[in-house]
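Taking it in order: structure first as structure tokens, then the write-up.
Any read-out appearing in this document is the output of simple, stated calculations on the displayed coordinates, not a laboratory observation. No experiment lies behind these values; they were computed from the predicted model shown. Neighbour counts are summed over all protein chains in view; Cβ atoms, including those assigned to glycine, are modelled from backbone coordinates with ideal geometry.
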Amino acid sequence: MHKSGKRSAALLFKELTSSPNRALKMRKSLKNTNIISLPIPYSPNEAMAFIMDNNLTKKQYTNIRIGSKARNSNIYPSYDKVLIAKKQCYPNYVIITECSAEIPLQDLLNHTAQRILQIPSVQSMNIKIEKCELLSKWGCDGSNGQSQYRINFDSSTKQSVTDSDMFMFSFVPLQMSCTIDDNKFIIWKLLQQDSADLLNFY
């Protein structure tokens with residue numbers, strides 16, 4: 001092999017035949033190498049959930065990413081990609097004024113259903129969906145007496161409005177079921193503290 005130009009193969013063969021146990025040791029070494037699992041990168045949505053679950057600032061996340069890359073484990077997407085994923089969580093129609101923010105209910109429902117159908121575990125089912133039913137819950141809450149940051153609002157705004165009071169509605173999807181060949185199946189269900197799934201909608 002050495003004369004034919006296959007020097008690497010010749011050196012490896014020489015190493016294998018250098019002792020009776022050498023081949024067995026090299027075989028075990030190769031087997032153990034194949035068992036080692038490679039790092040699994042975070043998707044942008046998963047990285048966003050990681051940031052929220054751990055209350056990370058942009059700087060903290062960036063430092064974690066740099067430290068990981070320095071150890072040859074590039075598993076965290078760039079913060080720019082996280083921001084792009086965050087924007088995709090917003091419905092198309094968001095109406096914002098200086099004293100309110102609102103989303104038409106039908107747009108919110110459409111956006112939520114579409115994002116559920118984009119979840120990898122749902123897409124992997126590879127099914128033809130005929131009809132979907134989204135089970136959700138909603139509620140409202142308010143507070144007053146907060147710090148007032150803006151004293152004067154635009155003249156078109158009612159004078160009685162202040163930013164010391166706040167009232168909001170919240171919406172949480174719980175389950176999506178679909179009808180396939182006249183049979184009803186649950187294709188997605190919100191698990192407790194399932195941040196990655198929640199971030200598909202918000």
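Which number do you get for Rg(Cα) / (2.2 N^0.38 Å) in segment 53-153? Provide the component values of the computation, followed by the final result.
On the way: Rg = 19.6 Å, N = 101, 2.2 N^0.38 = 12.7 Å.
Here the Cα radius of gyration is 1.54 times the empirical estimate.
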(message) Sort 111-121, 68-78 by the packing proxy (mean of other Cβ within 10 Å over each peptide's residues), most packed first.
(response) 111-121, 68-78
(message) Would any residue of segment 61-99 have its amide N under 17 Å from a label point 7 Å out along Cα→Cβ of F169? List them or say none.
(response) 91-97
(message) Highest mean first, how do 42-51, 83-92 rank when packing is the count of other Cβ atoms within 10 Å averaged over residues?
(response) 42-51, 83-92
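What FRET efficiency, computed as 1/(1 + (r/R0)^6) with R0 = 22 Å and r the Cβ-Cβ distance, is obtained for Q88 and Q123, rounded to the nearest 0.05?
Values: r = 15 Å, r/R0 = 0.70.
FRET efficiency, Q88 to Q123: 0.90.
Can you tell me the FRET efficiency between I180 and K137 if r is taken as the Cβ-Cβ distance and R0 is 25 Å, rounded to the nearest 0.05?
0.50
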(request) Among the listed pairs K81/K128; K86/K184; K58/K137; K137/K184; K59/K137, give every one whose C-alpha distance is greater than 24 Å. (result) K81/K128; K86/K184; K58/K137; K59/K137
(request) Calculate the spin-label point distance for T17 paired with E130, positioning each point 7 Å from the Cα along the beta-carbon direction, and give it in nanometres. (result) 7.0 nm
